[in-house]
Structure formats: structure tokens, C-alpha cells
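Trainee: Could you have a look at this structure, given as C-alpha cells, before my questions?
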Amino acid sequence: MTAIDIPRSSDELTHRQIVTILIGLMSGMFLAALDQNVVGTAMKTIADELHGLDQQVWVTTAYMITSTISTPIYGKLSDLYGRKKFFLTAITIFIIGSALCSFATSMPMLSAFRALQGLGAGGLFSLALAIVGDIVPPRERAKYQGYFLAVFGTSSVLGPIIGGFFSEAPTVVGITGWRWVFLINVPVGIFALIAVTATLHLAHHKRQAVIDWLGAFTLIVGVVPLLLVAEQGRTWGWGSTNSIVSYVIGVVGLAAFVWAEWRAGDHALIPLRIFKNRAIVIALSGGFVIGAGMFGGMLTLPQYLQIVHGSSPTQSGVQLLPMVLGMMIASVVSGQLMSRTGHVRIFPIIGVGLMALTMFLLSRIGADTPWWQLIVLMAMFGLGLGNTMQPLTLAVQASVAPREIGMATSSATFFRQMGGTLGVAVFLSLLFNTLGDNIKNAFLDASKTPEFLAAVRDPAVLANPVNASFVKALSSGDTSVLSSVSSDSSIINQLDPRLSHPFKVGFSQSMDLVFLVGGIVCLVGLVVLLFMPKIVLSGKSAAAQMKADARKHTVRDDLTGAAAMEAGGHTMDEITDDEDETDSVGGSSLAGLH
């Protein structure tokens, strides 16, 4: 029998090729990351302009629901039909949604267009990370994923600045300033489309598979009501009829989703067999818990800066720079170390431990905490985040077959987003449910201090109408002026500092409880991650592994066929092989890079 020679060439991309592709991917991620920060900063102005301040939560809810739901769907479809076309589709949907948002004339209309935007956003983050998983070996992947965290950090600083500029400008080039919050996405998105089209060249051979439409439908039925109650529960009441109906529909929907995934087997949106892998279960559950704690801290810190320290949204974005720098430094260092050693497990353990410690320390801050302490604590929190986010994604990617990178990455993103949504709902409820009593107690304590009494009797203070009406309300026993700050905190910066200080004390005490609970949540995440098995990252990318498997399969088929023909003249059609499913991706010429 004659050996069959197959020409061997390097299946891995060079650093220059990878960086070229990353430019396109990062432009897409930057589009979504920047939008979140810009819109969040400008939302109060937008709501005032559209006369719907009490409806602004639906703008956030609509975007959050569609982006979360579409994430696992993008991942599975990209595994079946290729990443590039779905990444370009996600960018296009996002651009269209952004353009439509700029024409909104009411909050319900804006909510609908934000929902369309969310459909695009769901594919931007997860598919970008999945494509990196395709083209970069796991041991090198952490270094390149650090670039994405740099994009996230940059958008965290630039977003509030851009959002503040547009929301404060009456018009820009003849167009109302706040509408540019959405219009700015159009040129950025077009650049991303061009960059991705020009740089990303992935060959993909369609796999013969059944789309899990039932799984997608039941996932929507299960998750949407739970996301709704997470966002609206504080307004509806957690025990209200609306909330109870949402709980019931959500639980029934999730049970139906599990049944649908069991029924679909390997064709499932999220195959149940992956939950037999201990590394995946721990990484996903750890990501869910850490997402709750992470988003709780990232939500509360800007509020602390704006309410207690009187920073504007733009200023608070800049003041968060220590956290962003800490995250970027940690991601780069951990990425380099993972690349050199191939080990993952220790980094999320260190990261979440640092996050828990920082949360507990943040629970001790008050209305008069000096800036240097805040800077140190924000930097520590950033260092924890930088050591946590990408190792968990890498752990999930490393635990599945190369052809399932998209499903694995989107699943990790999906669980983290669900945890974050739950965390935000719980933390906001804690904050506002305790705020009223804490503010009242702070004013009772302040009323016994000479500084507060002097301010109440100072003619110069009472000459200000805002101060005068506030003191009059307190003197008459009208405590509604204290509780009204939960819906409009602007009065804090309008009052004399001695009169407003108890407000800041009350807010800081409620935020301390949020940080304390966040620390406990992160501690639970730490315990979960301690059970993660040892994972050693491979030095071969998913695309290269699939090419190698394809060559091996081709050689085996040729040799087996030759042997069979020599033995009895059997035809190749009579020879089957059930071991390697890689053939379903495209035979002997599988998905790779041109």
C-alpha cells in the first residue's frame, strides 16, 4: 500500500493577519459598547424632550430584552452557516435601528426602535469573540481578547463625554442635539461594515442541520417575562399580579425550553449535553453570579459619584478612569500569563476574590470619603474585572468542539447578561427600598448638629427660594420632600451644602448596602469557581484544528478505501465512519481561513 502525501502548510494566521481582522471586529464591538454609554448619559434629556420621563425604563427594557434573547440564536446560526454573514447582518440591523431612533417622536416609538437596535447588538459582542475563537489558538486568544476589553474601557470613558455633549447641545448641524446620540452610530457602523467586509475572510461550508426553532421560541417565552419583571418589578411590586403572571409564564417557558433542547439533541440552540461538562457548568454558573455582582458595582459607582459627590454624567465617566485602567492592565497581564502557561483556572479566582474584597471595602464608604480612597477602590475593582471576564469565556470555548465555538461563546455571554439583569434589578430595589428611611434618619441626626441648625436660621441661606421652600416644608412636617429625591435628585445640588448633606448620607448608606450584597454575591461566585477543574489551553486554533481533522479524515478514508479494494474489491460507498462528525461541516475541505 502506497502512502498518500498531503502538502502541509501552516494553518495558523500571522500576528499581522490577526490584527488586521481584529480592526474590523473591534469596530463592530465599539459600535455597541459606545452606544450603551452614550444613550445612558443622554437618556434624561431625551425623555424630557419626548415628554416621557416616566416611560424611559421601557427604552432600556426593550433594548435589553432583544439583545439578550438574540445572543444565543446568533451563536448557533453562525456555527451552522458562518460567522461573517451574521456579524455583518448584526451591524446592518444596528445601523438601521440607530437611524430610526433619531427620528423618534415619542417614547413608545423610541422603545420600538431600540428593540430593533438590540436585535443587532445581540450579535456584535458574542460573534466577535467567537470569530477570535475561530482564528486564534486558545493560548494566544487571551492576549487578543484584551484588545476588546480596551475597546470596552475606552467606550466607558468616551461614551459619557459624547453623550453629555450631544444632550447639552440644542442643535448640531441644524439637527436637535440628542438625536445625534443615535445618528453618530451610522458613520461608525458604516466604517465597521467596510472594515469587516475588507478584513474578515472566513471560509465556511454549510453544515446539514435542523434549526432549533422550537428552542428559540420557548427561550423567548421563558426569558422575556423574567427580564420584564426584573426591570419593572420595583414599579409593579414584586408580589403584584403582573409580577406573578411574569414568574409563572417565565418558569413554564424555561421548562418548555429545556424539554425542547432535550428533544433537539445535537441540533439544540444550547445542547444539554454541554452541561455534563463540569468546566462548562462552573464557568456558566460562575459567570451568571459574577455578572450580577459586576453589574451591581458598575451601576452603583456612577450613581455614587453623581449623587453624593455632585459630579455630572460627563465628569463621572472620566472619574471612572481608574477602574477602566485597572481592567485593561489586568486583562493584558492575565492574557500574557495565560498565553505563556496555558492555565486559566487561577485568574478568575483571583479576579472574583478581588472584586468581593473591593465590594466589602466599598460598603464602608460614606458621604465624606476622600477621593484617594475611591481611586484606589475603583482601580482594585477594575483589576478584578480584568482577571475575570475573558478567562471564563476562554474556559467555555476550550471545553467544546471547534465547530461549537459560536454556541459556547454566546452561551457564556447570555448567562452573564442574565445574571447582570437580575443583579441590577435586585440592587436597584435594595437601593430605593431603603433610601427613604435612611434619608429620614440622616435628617433626624443632622437636625441635632449646630451646622444644620445654623443653615436653617441663616438669612443668606433662606434668601434662596429653593432653600426657603425646603426649610418651610421640613418645618411643617412635610416629609414628601425627602422621598421625592428618589425620582429627581437634582434638588441636592440646588440646596445649601449643609442642607443637602443628609441626602448624601442617606444615599451613601443605601449604596453601602448594595455594595455589601454585591460583595456577598461575588463571594458566592468565588466558591463556585473554586470547583472549576484544571484547564490547559491548546496551542491550535479552532479553524486549524478543523483543517487538521479534515486532512486526517481524508487520509483515513483513502487508506481504508485502498485496503478494502485490495481485500475484496469493495467500493468506497460501502465504507462508513461514524467517529468523526467533522465531515458534516464540509468534507475534506472544512471551514478555514483564506
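Trainee: Here are ILE93, ILE135: which of them is touching a Leu at 6+ places or on another chain (Cβ under 6 Å), touching a residue at least 40 places away in the same chain (Cβ under 8 Å) and among the aliphatic types (A, V, I, L, M)?
Mentor: ILE135
Trainee: Answer with yes or no whether PHE182 is aromatic (Phe, Trp, Tyr), within 27 Å of LEU228 (Cα to Cα), assigned to a helix (DSSP H, G or I) and in contact with a Leu (Cβ under 7 Å, 6 or more places away or on another chain).
Mentor: For PHE182, the condition - aromatic (Phe, Trp, Tyr), within 27 Å of LEU228 (Cα to Cα), assigned to a helix (DSSP H, G or I) and in contact with a Leu (Cβ under 7 Å, 6 or more places away or on another chain) - is not met.
Residue-wise test of (1) crowded, with 24+ Cβ neighbours inside 10 Å; (2) touching a Lys or Arg at 6+ places or on another chain (Cβ under 8 Å).
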residue	(1), (2)
GLY40	no, no
VAL59	yes, yes
TYR63	yes, yes
SER67	yes, no
LEU80	no, yes
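Per-residue answers, yes or no, for (1) in contact with a Gly (Cβ under 6 Å, 6 or more places away or on another chain); (2) outside any helix (DSSP H, G or I); (3) buried (at least 18 other Cβ atoms within 10 Å of the Cβ); (4) touching a residue at least 60 places away in the same chain (Cβ under 8 Å):
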site: VAL318; (1), (2), (3), (4): no, no, no, yes
site: ALA330; (1), (2), (3), (4): yes, no, yes, no
site: PRO348; (1), (2), (3), (4): no, no, yes, yes
site: ALA356; (1), (2), (3), (4): yes, no, yes, yes
site: LEU361; (1), (2), (3), (4): no, no, no, no
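Trainee: Still on this model: Going through ARG364, ARG345, ARG340 one at a time, which residue ends up being charged (D, E, K, R) and under 30 Å from ALA442 (Cβ atoms)?
Mentor: ARG364
Trainee: Sticking with this one: Residue by residue through region 273-294, note down the ones that are more than 30 Å from PHE515 (Cβ to Cβ) and either modelled with pLDDT of 90 or more or touching a Ser or Thr at 6+ places or on another chain (Cβ under 7 Å) (or both).
Mentor: Of everything in region 273-294, those that are more than 30 Å from PHE515 (Cβ to Cβ) and either modelled with pLDDT of 90 or more or touching a Ser or Thr at 6+ places or on another chain (Cβ under 7 Å) (or both) turn out to be ASN277, ALA279, ILE280.
Trainee: Can you tell me which residue within region 307-316, out of those that are in contact (Cβ under 8 Å) with a residue 40 or more places away in the chain and in contact with a helix residue (DSSP H, G or I) (Cβ under 6 Å, 6 or more places away or on another chain), is farthest from ILE365 (Cα to Cα)?
Mentor: THR314
Trainee: Moving on. Take the residues in region 451-488 that are under 18 Å from VAL308 (Cβ atoms) and in contact with a Phe, Trp or Tyr (Cβ under 8 Å, 6 or more places away or on another chain); name whichever of them is modelled with the highest pLDDT.
Mentor: LEU482
Trainee: Quick check on region 364-400: of everything there that is within 24 Å of the chain's Cα centre (by Cα) and assigned to a loop (DSSP other than H, G, I, E, B), which residue is surrounded by the fewest Cβ atoms within 10 Å (Cβ to Cβ)?
Mentor: Among those residues, the one meeting the criterion is SER399.
Trainee: Name every residue in region 493-528 that is buried (at least 22 other Cβ atoms within 10 Å of the Cβ) and touching a Lys or Arg at 6+ places or on another chain (Cβ under 8 Å), in order of residue number.
Mentor: Selection gives GLY506 alone.
Trainee: Could you check MET109 against (1) buried (at least 20 other Cβ atoms within 10 Å of the Cβ); (2) modelled with pLDDT of 90 or more; (3) more than 21 Å from LEU394 (Cα to Cα) and say which number it fails?
Mentor: (1)
Trainee: Which condition from (1) at pLDDT below 80; (2) out of contact with any strand residue (DSSP E or B) (no Cβ under 8 Å at 6 or more places or on another chain); (3) not basic (Lys, Arg) is the one that VAL528 breaks?
Mentor: The one condition VAL528 does not meet is (1).
Trainee: What residue, among those in region 205-228 that are among the β-branched types (Val, Ile, Thr) and at pLDDT 85 or above, is nearest to GLY265 (Cα to Cα)?
Mentor: If we take residues in region 205-228 being among the β-branched types (Val, Ile, Thr) and at pLDDT 85 or above, then THR218 is nearest to GLY265 (Cα to Cα).
Trainee: Looking at region 166-201, which of its residues are of a type in the set (Gly, Ala, Ser), farther than 30 Å from LYS84 by Cα and in contact with a Gly (Cβ under 9 Å, 6 or more places away or on another chain)?
Mentor: If the condition is that a residue be of a type in the set (Gly, Ala, Ser), farther than 30 Å from LYS84 by Cα and in contact with a Gly (Cβ under 9 Å, 6 or more places away or on another chain), then SER167, ALA169 are the ones that fit.
Trainee: Kindly indicate which of MET43, MET26 is among the aliphatic types (A, V, I, L, M), within 20 Å of the chain's Cα centre (by Cα) and at pLDDT below 80.
Mentor: Checking each option against the conditions leaves just MET43.
Trainee: Residues of region 281-300 being in contact (Cβ under 8 Å) with a residue 40 or more places away in the chain and surrounded by fewer than 20 Cβ atoms within 10 Å (Cβ to Cβ), which ones?
Mentor: Passing the criteria: SER285, LEU299.
Trainee: A follow-up question, please. Could you tell me which of the residues THR71, THR20, THR41 is in a helix (DSSP H, G or I), under 21 Å from ILE190 (Cα atoms) and in contact (Cβ under 8 Å) with a residue 60 or more places away in the chain?
Mentor: Among THR71, THR20, THR41, only THR20 is in a helix (DSSP H, G or I), under 21 Å from ILE190 (Cα atoms) and in contact (Cβ under 8 Å) with a residue 60 or more places away in the chain.
Trainee: Taking the stated definitions as given, is PHE152 touching a strand residue (DSSP E or B) at 6+ places or on another chain (Cβ under 9 Å) and within 30 Å of PHE432 (Cα to Cα)?
Mentor: When the stated conditions are applied, PHE152 does not pass them.
The values are calculated or read from the model by the stated rules, or taken from the named source; none is laboratory data. These figures come from a predicted structure and were not determined experimentally. Heads up, the Cβs are rebuilt from the backbone with ideal geometry, glycines too, and the neighbour counts pull from every protein chain shown.
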